[in-house]
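Working notes, structure below.
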Amino acid sequence: MSQLNSLLPARFLSLIAHLVIAITILWARDANVKACLPYDYTPEQYSTRDTELIVGLSLTIAFLGIEIIGFMSGTSMFIHSQNMISIGAHASGAIALSFYLFEEWPCYIFWWIFGFCSAFPFVTEIIVLIGVLALGRTG
């Protein structure tokens, strides 16, 4: 039982850290959008890349919100494998997005981070939610 007690705060903190850095990038995305563009970009190119980044960050925030709801409701809180996937993915996501923000990485890297650190744990969370709520399975 003590292992479970140590996983729960780690999962919560990694989810919240990933959420906070995603919101921060959404608010201060100008430098990251410019990092995705050539030196002499047009306003249309800027608008396209800005919209792309807004959509990606909005999906990240929505996925994290659904995961937090699943965790806080208790449906996936006691599934050890989901806890480990979530901790690893979201801690990595928070670190990678921090580098993405401060180092002004190009936009294509965001989609790799999104796929491995947001979409993958979201899909596993949905599978767990379906398993627990629809099929009545636990652990």
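Tell me, please, whether a residue that is touching a Pro at 6+ places or on another chain (Cβ under 6 Å) and surrounded by 13 or more Cβ atoms within 10 Å (Cβ to Cβ) can be found in the range 88-97. There is at least one residue in the range 88-97 that is touching a Pro at 6+ places or on another chain (Cβ under 6 Å) and surrounded by 13 or more Cβ atoms within 10 Å (Cβ to Cβ).
Going through 37, 7, 13 one at a time, which residue ends up being assigned to a helix (DSSP H, G or I), more than 16 Å from residue 120 (Cα to Cα) and either modelled with pLDDT under 95 or in contact with a Cys (Cβ under 8 Å, 6 or more places away or on another chain) (or both)? Only one candidate passes the filter, namely 7. Screening the candidates 81, 58 for the property of being in a helix (DSSP H, G or I), modelled with pLDDT of 95 or more and loosely packed, with under 14 Cβ neighbours inside 10 Å yields one hit, 58.
The values are calculated or read from the model by the stated rules, or taken from the named source; none is laboratory data. Nothing here was measured: the structure is a model prediction, and the numbers come from that model. Don't worry about glycine lacking a Cβ; one is built from the backbone with ideal geometry, like all the others, and counts go over all protein chains shown.
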